[in-house]
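Engineer: Pasting a structure here, questions to come.
The values are calculated or read from the model by the stated rules, or taken from the named source; none is laboratory data. Computed from a predicted model, the values in this text were never measured in an experiment. Using ideal geometry, Cβ is built from the backbone for each residue, glycine included, and neighbour counts are taken over all protein chains shown.
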Amino acid sequence: MALIDCPECHAQVSDQAGSCIKCGFPFKALAAQKSRVQTIEQTGKKYKRVTLFSLFGSFVGIIIIIGSHSDSLLSFGFFLIIAGLLIWLVNATLSWWHHG
């Protein structure tokens, strides 16, 4: 058993006590507040949505290239892949810059 200082009145109180005997400051509530973990989402939903759509577009482009039998579909597939990857790269850079 050790003595600690009360954060409210600075009296010496046992570390086993639930509250300060001088001022009544609750130590249990303070301990519960310190042990609570707060998770903060670093990346906004807007950035996640753009990432999802850009990578989905690139995936569709790959599928189009695999199944295409004409030059126009082949060109469209390459366009989707390049556009999706460029959008993903810009979005990743903006996300890093914003949350850096």
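Engineer: Yes or no: the stretch 84-96 includes at least one residue that is at pLDDT below 90, exposed (fewer than 13 other Cβ atoms within 10 Å of the Cβ) and outside any helix (DSSP H, G or I).
Structural biologist: No, the stretch 84-96 has no match at all.
Engineer: While we're on this one: State which residue pairs qualify: first residue without any contact (Cβ under 8 Å) to a residue 12 or more places away in the chain and assigned by TED's automatic domain parsing to the domain that holds W88 and inside the stretch 57-69, second residue of a type in the set (A, V, I, L, M) and in a helix (DSSP H, G or I) in any location, beta carbons under 6 Å apart, and separation of 6 or more residues or different chains.
Structural biologist: S68/L74
Engineer: Right, something else. Mind checking which residues of the stretch 39-79 are in contact with a Ser or Thr (Cβ under 9 Å, 6 or more places away or on another chain) and among the hydrophobic types (A, V, I, L, M, F, W, C)?
Structural biologist: Result: V50, L74, F76.
Engineer: Then there's this: At pLDDT below 80, of a type outside the set (S, T, N, Q) and part of a helix (DSSP H, G or I) - does that describe any residue in the stretch 37-47? So that I can check it myself, show each step before the final result.
Structural biologist: Initial filter on the stretch 37-47 (at pLDDT below 80): 37-44.
Still in the list and also of a type outside the set (S, T, N, Q): 37, 40-41, 44.
With the extra rule that they be part of a helix (DSSP H, G or I), the set shrinks to none.
No; the residues of the stretch 37-47 include none that is at pLDDT below 80, of a type outside the set (S, T, N, Q) and part of a helix (DSSP H, G or I).
Engineer: If you check K22, K28, which single one turns out to be at pLDDT 70 or above, in a loop (DSSP other than H, G, I, E, B) and of a type in the set (K, R)?
Structural biologist: K22
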